Amino acid sequence: MSVMMVMKVQADSDAFRSYMDSHAAEMQQLSEDAKSQGGIHHRFAIGDGFLLAIDEWESADAFMSFFEGNEAVAAAMQAAGAQGEPEISIGEAIDAPSNY
């Protein structure tokens, strides 16, 4: 059974939008790396002063292996305007009658 990961980090939303526009190839490479290590789905959301990453992974271990100590991810987060340590929550993905 897969897991869902939600990461929230304080961020400069304008800096993140600018980073996405100017570093699309690097972001695509990170996506390919994630998929090769167990990433299934990935999406970003921006709020007032924060960034959310919402992912589905084969397992929590697969996500943590990709995320922890990955210098490319850390460098991208810093360059994209992330500020401080992210708050990460991981839970088992479940089938529910309300899924769509």
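Computed from the coordinates by the stated procedures, all read-outs in this text should not be read as laboratory data. In this text, all values refer to a predicted model and were calculated from it rather than measured experimentally. No Cβ is skipped: glycine too gets one built from the backbone with ideal geometry, and neighbour counts run over all protein chains shown.
Quick rundown of the values:
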quantity: All positions within segment 59-80 that are over 19 Å from residue 29 (Cα atoms) and either aliphatic (A, V, I, L, M) or part of a loop (DSSP other than H, G, I, E, B) (or both); calculated: 59, 60
quantity: Residue identified as more than 12 Å from the chain's Cα centre (by Cα), of a type outside the set (Val, Ile, Thr) and over 29 Å from residue 99 (Cβ atoms) among 79, 60; calculated: 79
quantity: Residue that is surrounded by the most Cβ atoms within 10 Å (Cβ to Cβ) [pool: residues in segment 8-31 that are in a helix (DSSP H, G or I) and among the acidic types (Asp, Glu)]; calculated: 26
quantity: Output for segment 32-45, where each listed residue is closer than 18 Å to residue 88 by Cα and either in contact (Cβ under 8 Å) with a residue 40 or more places away in the chain or surrounded by fewer than 15 Cβ atoms within 10 Å (Cβ to Cβ) (or both); calculated: 41, 43, 44, 45
quantity: Residue satisfying all of: in segment 65-89; touching a residue at least 40 places away in the same chain (Cβ under 8 Å) and on the phi > 0 side of the Ramachandran plot; surrounded by the most Cβ atoms within 10 Å (Cβ to Cβ) among these; calculated: 81
quantity: For residue 98: the one exception among (1) small (Gly, Ala, Ser); (2) assigned to a loop (DSSP other than H, G, I, E, B); (3) surrounded by 15 or more Cβ atoms within 10 Å (Cβ to Cβ); calculated: (3)
quantity: So residue 62, is it surrounded by 12 or more Cβ atoms within 10 Å (Cβ to Cβ) and without any contact (Cβ under 8 Å) to a residue 40 or more places away in the chain; calculated: yes
